[in-house]
1. Tell me which residues, restricted to segment 55-65, are closer than 18 Å to GLY91 by Cβ and buried (at least 21 other Cβ atoms within 10 Å of the Cβ).
2. Based on what the data block shows, is ASN22 under 17 Å from THR115 (Cα atoms) and out of contact with any strand residue (DSSP E or B) (no Cβ under 6 Å at 6 or more places or on another chain)?
3. Would you kindly identify the strands (runs of 3 or more DSSP E) lying entirely within segment 9-67 that contain at least 2 residues that are under 25 Å from THR169 (Cα atoms) and modelled with pLDDT of 95 or more?
4. What number of residues in segment 109-120 are surrounded by 15 or more Cβ atoms within 10 Å (Cβ to Cβ) and touching a residue at least 60 places away in the same chain (Cβ under 8 Å)?
5. If you take the residues in segment 68-91 that are small (Gly, Ala, Ser) and either at pLDDT below 95 or over 11 Å from the mean Cα position of the chain (by Cα) (or both), which one is most open to solvent (accessible area, probe 1.4 Å)?
6. Mind checking which residues of segment 123-172 are charged (D, E, K, R), open to solvent by less than 60 Å² (accessible area, probe 1.4 Å) and under 17 Å from the mean Cα position of the chain (by Cα)?
7. Quick one: which of ALA35, ALA70, ALA64 is in contact with a Pro (Cβ under 6 Å, 6 or more places away or on another chain) and closer than 20 Å to GLY133 by Cβ?
8. Within segment 44-54, which residues are over 10 Å from ALA121 (Cα atoms) and open to solvent by 20 Å² or more (accessible area, probe 1.4 Å)?
Amino acid sequence: TGSPTVSGTLTFATGKITTGANILIVATSGSVSGAAAGKYVFGNLQKNFNTGNDQAFTFPIGDASNYTPAALASINITTAGNLTAKTTGGGEHPNISTSGLDSSKDVNRYWTLTTGGGIVASSYDATFSFVAGDVDGGATTANFVMRRYNSGWSATTTGTRTATSTQATGLT
């Protein structure tokens with residue numbers, strides 16, 4: 001019924017944490033372990049960051065049925081703050097028609113990262129994981145590119161692609 005803060009280690013043993021409109025907050029000193037299929041946050045997960053280079057955090061998030069984490073790496077944070085992540089499955093981004101992506105050959109899922117507390121990251125890499133059921137028939141995951149929506153679409157530099165994930169590098 002609230003938005004608790006985890007200052008130690010949040011260890012998933014079994015089951016999902018459903019936040020609804022609330023937020024599960026991982027403090028700068030906090031961490032997460034044991035997340036996997038069936039053991040993740042369904043809803044809003046916030047991570048607080050101090051300044052520093054080469055930071056990393058995997059948001060163990062998913063929807064009601066699927067674990068689809070967002071992993072950030074090589075984060076260079078120049079102003080402390082927080083990021084909140086969630087994923088929406090089962091459909092296209094509401095603005096897909098202006099993205100330049102072929103909506104008949106993509107992933108029917110999107111991730112929302114929201115900044116807070118004035119956070120500024122000079123650069124980071126992001127890997128977004130999806131399940132095979134999210135991929136449109138006829139789509140080739142090796143050809144996927146990523147687009148970022150922030151009041152308009154921008155192209156990103158695509159990194160490693162697998163059958164169930166796509167990476168963007170050098171984001172700010």
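1. ILE61, GLY62
2. Yes: the conditions hold for ASN22.
3. Because the criterion is at least 2 residues that are under 25 Å from THR169 (Cα atoms) and modelled with pLDDT of 95 or more, the strands (runs of 3 or more DSSP E) in segment 9-67 that meet it are 31-33, 41-49, 52-59.
4. Summing the residues that are surrounded by 15 or more Cβ atoms within 10 Å (Cβ to Cβ) and touching a residue at least 60 places away in the same chain (Cβ under 8 Å) in segment 109-120 gives 1.
5. Result: GLY90.
6. Matches in segment 123-172: ASP125, ASP134.
7. Selected residue: ALA35, the only one of ALA35, ALA70, ALA64 that is in contact with a Pro (Cβ under 6 Å, 6 or more places away or on another chain) and closer than 20 Å to GLY133 by Cβ.
8. ASN44, GLN46, ASN48, ASN50, ASP54
The values are calculated or read from the model by the stated rules, or taken from the named source; none is laboratory data. Just so you know, these numbers come straight off a predicted model, no measurement behind them. Reconstructed Cβ throughout: ideal geometry from the backbone, glycine too, with neighbour counts over all protein chains shown. Note: accessible area is taken over every heavy atom of the protein model, side chains too, but ligands, DNA and RNA are not part of it. Shrake-Rupley method; radii C 1.70, N 1.55, O 1.52, S 1.80 Å.
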